[in-house]
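Participant: Pasting a structure below so you can have a look.
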Amino acid sequence: MKLAATYQRFYFALLAVLLVLGCLAYYLTIRYVLIHQVDNDLRIEQQEIQDFVRLHDSLPAPSRYRDQRLEWAPRPGYRERRHFVDDDDDRSIQFSIQVKGEDYAVTISKSLEETEDLLWIILWVTAGSIGVLLVGLFLGNRLLLRRIWQPFYQTLDYLHRFSLSGPRNGGTGTSNIDEFALLGRSVEDMTAKMQRDYMALQQFTDHAAHEMQTPLAVIKGKLDLMMQEPGSGPRQLEQMQQLLQSVNRLSRLNQSLLLLTRIENRQFIEKEPVALEPLLAEKQDWIREHRLEVTMDMEPGMANIHPFLAESLVNNLVGNAVRHNIPGGKVLVTLRPGLLSIRNTGRAEPLDPARLFQRFQKQHPSEGAGLGLAIVKEIADISGMEVRYGYEAGTHTFTVTF
Amino acid sequence: MKLLIVEDEPGLLDSMTAYLSLEDYTCESAMTYAEALEKIDLYAYDCILLDIMLPGGDGLALLRELKTNRKTEGVLIISAKNKLEDKITGLQMGADDYLAKPFHLPELGARVAAIIRRKQFGGNNLLEYQEIQVDTQGRTVKVSGTPVTLTKKEYALLVYLLSNRNKVISKSALAEHLWGDNMDMVDNYDFIYTHVKNLRKKLLDAGAGDYLQSVYGVGYKWTTP
């Protein structure tokens, strides 16, 4: 539920309860005041009767005039100064009076009909205005909230679309409300700083990887040269070869890291139609050289991708299928328009799809650094492709749809 | 043959010079843009090995200088890996080949030999070793005049070995040459052994000498026993 809706809901529930209570109090007060007024009138009537008796020593004839009634009856021994009675629609005053030594009970009644009418009119007018007030408040509030919160939602939207490596599109909401303006500015500053830091980190990786290449080149060269020394025995030569392998591994790791940073830096976003068929076909011999059976079932298909990334994608997928294969295993490549699937025999257990595409995630000890599939994923993401993993009875399948 | 190696990293320059000197090249070196420019102006070389990242100037500017002065030297551009742009611009500007760091020295040797072959003999791209003749233009191999049919990989292997005679070539360097270092991800070099075995057998069957020696634990060496 939106903040405004939550707020409105609570606000109007509270308002409704308060207004109902207020109406009740209002009704009771008005009623009290009106009855009090009637009582006062009745008191005046009593005074008039008493004055009349004092003057004439007799009671006026019982009467019924408009909404007022006068009745009396002898009631010996009755003593009452003043007593108010509420009937259905009437309000009466009862009192005792002595005329010529005899006790009489006098009742003066006034109809409350008019009073009730007045009360109802007042109530309806009040309820009506409260209703109008509520609707007005509700609409006004909604409009106001929408307008006030607009920048907030804009900021939310900005945050939602924010990506570390992507361009910052749109902006946060601008507002003349201090809090929202501050929020917008803070969010913008924060995201800008995040991107700056991220860029700095990327550049660091880029530079670090780059600077590593020269020493690696030196080591590689020196090892190649050392092998030419006439005095080296088989033991030394073997160690040199092992060193070379490690240097090559380091150099490949370095290149993979560089590639990842460059993909993230969006250096390969220009796409063009690339034929995947020849790229895959030229891997056939290489797969066979690793004593694996390879089947390629390909229909010519174009993928919209940066050519360098296409090569890297194919290399990594094929390399992955070979590296994680079993002796005498199989690799099956299927290429259809919009789909590339590479199937390979391997360990008889599925890989964890959650960790599969993460960097440096080696689920089994192998020669790779665990970056190949991370690269595949990055390439797929930046090229608008989707890569899926599936496992069935010892066969691992990677499917790329484009 | 005279080479100019333009490289600012002393360690690498040393190795390159030492390795190529073994091949009977006369190597000169330059470590800065200015030094390289001076040498290019003063002397003629058969091939120039040009590192693109140079202190005091861009290696590509040096290449431009060479090409505008209509120098006919072969140029091999060397640059850091993954600098795709360097490769493309370099080749567009008239460089003969491109090599990414870090590289194997035998690879460098093979590239330099190929450039010189193309430049030097003007179309007559013959690579000879005793009774073995390789026509690198027609991609044919003959032993004492008899054609030998080789697979693509065997042919590549032979040219590579012939360009690095009397050198110990590691399996890593061979693998990288045959498949590019992208595919050198499985540290299993059995396939090289298969290619080498087949190549040697074909050459021996055709009557060539046994020049392809295996060096225990490392790789192979092309030499006259």
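The values are calculated or read from the model by the stated rules, or taken from the named source; none is laboratory data. Predicted model only: the values in this text are computed from it and were never measured. Please note: Cβ atoms are built from the backbone with ideal geometry, for glycine as well, and neighbour counts cover all protein chains shown.
Participant: Would you confirm, using the coordinates I've provided, whether residue B:153 is farther than 24 Å from residue A:230 by Cα, within 14 Å of chain A (Cβ to nearest Cβ) and crowded, with 19+ Cβ neighbours inside 10 Å? If you could, list the steps in order and put the result at the bottom.
Facilitator: Details: farther than 24 Å from residue A:230 by Cα: yes; within 14 Å of chain A (Cβ to nearest Cβ): yes; crowded, with 19+ Cβ neighbours inside 10 Å: yes.
Considered against the rule, which asks whether it is farther than 24 Å from residue A:230 by Cα, within 14 Å of chain A (Cβ to nearest Cβ) and crowded, with 19+ Cβ neighbours inside 10 Å, residue B:153 comes out as yes.
For (1) of a type in the set (S, T, N, Q); (2) in contact (Cβ under 8 Å) with a residue 60 or more places away in the chain; (3) under 30 Å from residue A:32 (Cβ atoms), each residue gets a yes or a no:
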position: A:121; (1), (2), (3): no, no, yes
position: A:134; (1), (2), (3): no, yes, yes
position: A:138; (1), (2), (3): no, yes, no
position: A:142; (1), (2), (3): no, yes, no
position: A:150; (1), (2), (3): yes, no, no
position: A:154; (1), (2), (3): yes, no, no
position: A:161; (1), (2), (3): no, no, no
position: A:167; (1), (2), (3): no, no, no
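Participant: For the stretch B:56-69, indicate whether the set of residues that are within 23 Å of residue A:209 (Cα to Cα), assigned by TED's automatic domain parsing to the domain that holds residue B:106 and touching an Asp or Glu at 6+ places or on another chain (Cβ under 8 Å) is non-empty.
Facilitator: Yes, the stretch B:56-69 has at least one match.
Participant: Then there's this: What pairs come up if the first residue lies in the stretch A:205-231 and is closer than 20 Å to residue B:218 by Cβ, the second is part of a helix (DSSP H, G or I) and among the polar types (S, T, N, Q), and their beta carbons are under 6 Å apart, counting only those six or more places apart or on different chains?
Facilitator: These pairs meet every condition: A:216/A:251; A:221/B:15; A:222/B:15; A:225/B:15.
Participant: Of the residues A:280, A:258, only one is under 14 Å from residue A:318 (Cα atoms) and either under 39 Å from the mean Cα position of the chain (by Cα) or at pLDDT 85 or above (or both); which? Before the answer, list the steps.
Facilitator: Working: A:258 fails: under 14 Å from residue A:318 (Cα atoms).
That would be A:280, the only listed residue that is under 14 Å from residue A:318 (Cα atoms) and either under 39 Å from the mean Cα position of the chain (by Cα) or at pLDDT 85 or above (or both).
Participant: Another one. Would you confirm whether any residue within the stretch A:55-70 is under 28 Å from residue A:136 (Cβ atoms) and in contact (Cβ under 8 Å) with a residue 40 or more places away in the chain? Show your work before the answer.
Facilitator: Quick first cut of the stretch A:55-70, residues under 28 Å from residue A:136 (Cβ atoms) only: none.
No, the stretch A:55-70 has no match at all.
Participant: Let me ask something else about it. All but one of (1) more than 8 Å from chain A (Cβ to nearest Cβ); (2) in contact (Cβ under 8 Å) with a residue 12 or more places away in the chain hold for residue B:197; state the number of the condition that does not hold.
Facilitator: All conditions pass for residue B:197, except number (2).
Participant: For the stretch A:299-309, indicate whether the set of residues that are in contact with a helix residue (DSSP H, G or I) (Cβ under 6 Å, 6 or more places away or on another chain), modelled with pLDDT under 90, facing chain B (nearest Cβ under 7 Å) and over 26 Å from residue B:53 (Cα atoms) is non-empty.
Facilitator: Scanning the stretch A:299-309 turns up no residue that is in contact with a helix residue (DSSP H, G or I) (Cβ under 6 Å, 6 or more places away or on another chain), modelled with pLDDT under 90, facing chain B (nearest Cβ under 7 Å) and over 26 Å from residue B:53 (Cα atoms).
Participant: Taking the residues in the stretch B:1-53 that are buried (at least 16 other Cβ atoms within 10 Å of the Cβ) and β-branched (Val, Ile, Thr) as candidates, determine which candidate is nearest to the other protein chains (Cβ to nearest Cβ).
Facilitator: Per the stated criteria, the residue is B:17.
Participant: Output yes when any residue across the stretch B:96-112 is more than 25 Å from residue A:244 (Cβ to Cβ) and either at pLDDT 85 or above or polar (S, T, N, Q) (or both), and no when none is. Give the derivation first.
Facilitator: Residues of the stretch B:96-112 more than 25 Å from residue A:244 (Cβ to Cβ): B:96.
Then drop every residue that is not either at pLDDT 85 or above or polar (S, T, N, Q) (or both), which leaves B:96.
Yes - at least one qualifying residue is present in the stretch B:96-112.
Participant: Here is a follow-up. Just for the stretch A:224-249: of the residues that are under 30 Å from residue A:206 (Cβ atoms) and facing chain B (nearest Cβ under 9 Å), which one is surrounded by the most Cβ atoms within 10 Å (Cβ to Cβ)?
Facilitator: Filtering the stretch A:224-249 for residues under 30 Å from residue A:206 (Cβ atoms) gives A:224-225, A:242-249.
Next, only the ones that are facing chain B (nearest Cβ under 9 Å) stay: A:224-225, A:242, A:244-245, A:247-249.
Details: A:224: 29, A:225: 19, A:242: 14, A:244: 23, A:245: 18, A:247: 20, A:248: 23, A:249: 17.
Here the answer is A:224.
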